[in-house]
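*Asks:* Below is one structure. I have some questions about it.
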Amino acid sequence: MKKMKLYIGLIMILLFTACEKVIELKLDEATPVVVIDGGVSDQNEVQRIKISKTYSFTEPNKFNGATGAKVVLGVDGSGSIVFKEVSPGIYESVKFKGKSGSKYDISVTLEGQTYQASSVMPARVPMDSLTFKSYNLFGETKNYVAVNYRDPAGVANQYRYILKFKGVVEKDVVSEDRFDDGNKVTNVIFYELNDLVKGDSIQVEIQCVDRNVYRYFFSMGQNSGAGGPPVAPANPPSNFSNGALGVFNAHTSSIRTALIK
């Protein structure tokens with residue numbers, strides 16, 4: 001009987017060791033793709049456009065800035081503002097304030113290729129306040145911050161919420177007013193505040209964005225699982241032409257800071 005157990009044990013060991021196999025993944029190198037991110041806000045400030053290229057899977061994560069681009073902004077089909085490259089891949093305008101209802105057209109020419117996008121700046125919806133919400137989940141209390149505002153009635157609105165802690169974006173989510181049209185809205189941003197201590201502060205920005213910009217950030221959230229179960233990875237639907245990735249976002253902005261007490 002002991003010999004039989006010994007034989008069975010040896011067979012099991014051989015089976016498990018025989019199943020081990022080193023699999024080498026062959027990752028094809030893709031042609032670099034241009035990525036353009038930025039926009040125009042309704043704040044009187046320098047507006048910024050970031051232009052980069054994708055890089056090899058084996059390279060370290062980095063901002064692969066693209067230099068030498070020509071960046072021109074058109075407003076309502078007339079006039080133009082030329083952006084200046086201030087560092088590799090970073091292009092800035094003179095200080096100016098965007099206007100709700102205006103259509104902004106961006107043209108980026110890089111290495112003989114031109115990429116274009118348009119975005120209409122929506123009407124501004126101001127944030128009324130930030131409040132804290134507590135939920136008891138499985139016997140543990142978790143604390144979050146909520147954004148409060150009044151949604152305008154009869155207008156399709158899309159919102160983007162950006163939460164920063166110590167200058168770093170910790171949460172970036174979007175919503176629409178399909179079920180909140182004309183209502184007083186309280187939207188909870190599900191970023192746990194439990195690790196924050198007394199005296200810490202967080203900054204929340206609410207942007208009003210157009211439909212195409214909303215679709216871009218909504219898709220990003222779906223890819224990361226932020227809006228529910230993750231979907232098959234795919235590039236978010238860019239509003240740029242000619243195969244460029246990224247998004248051009250003409251938006252209004254309302255910012256508030258909350259202090260942890």
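The values are calculated or read from the model by the stated rules, or taken from the named source; none is laboratory data. Since the structure is predicted, the reported quantities are computational estimates derived from the model, not experimental observations. Every residue, glycine among them, receives a Cβ derived from its backbone with ideal geometry; neighbour counts consider all protein chains shown. Protein only, heavy atoms only, side chains kept; ligands, DNA and RNA dropped before computing areas. Shrake-Rupley method; radii C 1.70, N 1.55, O 1.52, S 1.80 Å.
*Asks:* Of the residues that sit in the range 142-164 and are under 16 Å from the mean Cα position of the chain (by Cα) and not hydroxyl-bearing (Ser, Thr, Tyr), which one is farthest from residue 197 (Cα to Cα)?
*Replies:* In this case the residue turns out to be 158.
*Asks:* If you go through the range 83-96, how many residues are open to solvent by 70 Å² or more (accessible area, probe 1.4 Å) and closer than 12 Å to residue 46 by Cα?
*Replies:* The total comes to 4.
*Asks:* Assess whether residue 116 counts as being polar (S, T, N, Q) and farther than 12 Å from residue 250 by Cβ.
*Replies:* yes
*Asks:* Can you go through 101, 182, 167, 139 and tell me which one is surrounded by fewer than 14 Cβ atoms within 10 Å (Cβ to Cβ) and within 20 Å of the chain's Cα centre (by Cα)?
*Replies:* Being surrounded by fewer than 14 Cβ atoms within 10 Å (Cβ to Cβ) and within 20 Å of the chain's Cα centre (by Cα) holds for just one of 101, 182, 167, 139, which is 167.
*Asks:* Residue check: is residue 235 assigned to a helix (DSSP H, G or I) and modelled with pLDDT under 90?
*Replies:* Against the criterion (assigned to a helix (DSSP H, G or I) and modelled with pLDDT under 90), residue 235 does not qualify.
*Asks:* Let me ask something else. In the range 96-146, which residues are at pLDDT 95 or above and farther than 22 Å from residue 157 by Cα?
*Replies:* Correct list: 96, 106, 107, 108, 109, 110, 111, 112, 113, 114, 115, 116.
*Asks:* Take the residues of the range 40-63 that are assigned to a loop (DSSP other than H, G, I, E, B) and modelled with pLDDT of 95 or more: which is most open to solvent (accessible area, probe 1.4 Å)?
*Replies:* For the range 40-63, the residue satisfying everything is 44.
Residues are listed down the side, and each one gets a yes or a no for (1) out of contact with any Cys (no Cβ under 9 Å at 6 or more places or on another chain); (2) without any contact (Cβ under 8 Å) to a residue 60 or more places away in the chain; (3) among the hydroxyl-bearing types (Ser, Thr, Tyr):
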position: 150; (1), (2), (3): yes, yes, no
position: 155; (1), (2), (3): yes, yes, no
position: 173; (1), (2), (3): yes, yes, no
position: 176; (1), (2), (3): yes, yes, no
position: 185; (1), (2), (3): yes, yes, no
position: 206; (1), (2), (3): yes, no, no
position: 216; (1), (2), (3): yes, yes, yes
position: 221; (1), (2), (3): yes, yes, no
position: 240; (1), (2), (3): yes, no, no
